[in-house]
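Novice: Before anything else, here's the structure in question.
No value in this document is a laboratory result; all are computed from the given coordinates. As the structure is a prediction and not an experimental result, all values here were calculated from the model.
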Amino acid sequence: MDATQAAKTLSTDSGSEDQQQYLTFMLSGETYAISILSIKEIIQYGQLTEIPRMPDFIRGVINLRGAVVPVIDLSSRFGKSPTPIGRRNCIIIIEVMLGEMTQNVGVMVDAVNAVLKIPATEIEHAPSFGSNIRADFIAGMGKIKGKFVIILDIQYVLSMDDMATLAAVSSITADKVVPAE
């Protein structure tokens, strides 16, 4: 599924209370999911403006319709190798809470798969061991066709210090950033 198809699918209803929709995506050969309720849009990977002296997991910023949006490399954030740039890379624009305010953040992934409904009965608690990422990053483990998908709790993927850094990056004026394609 490409970014355009995924964006069209995101515009559908968010599902009932006992069944939520999740966007699944690939990252370092593993399948992850994020609730569509926090996703604003999906765009093709485009030109980023690098910001000096930022943590390694912050790839840079994009100008998204006049707003500066920091882009993080989720693979680097999880302590893995940086995501290699390829033709299927996408940036998922998500909305995260920073205190009382919301912050748009771009999350760079290898590829977007699909939007899937996962019944609450098919979601297990996050494991306390055996995962390649911190347990507080995981909202649960969804079962899809007999296989587990890691459902991320996107609010905890970034610590408060990281969020403050992202807020500072977003204060850069948009005219200094090349517009996203």
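Novice: What number do you get for region 62-125 when its Cα radius of gyration is normalised by 2.2 N^0.38 Å, N = residues?
Specialist: 1.36
Novice: A further question follows. Please report how far the C-alpha centroid of region 83-124 lies from that of region 19-45, rounded to the nearest whole angstrom.
Specialist: Centre-to-centre distance over Cα atoms comes out at 4 Å.
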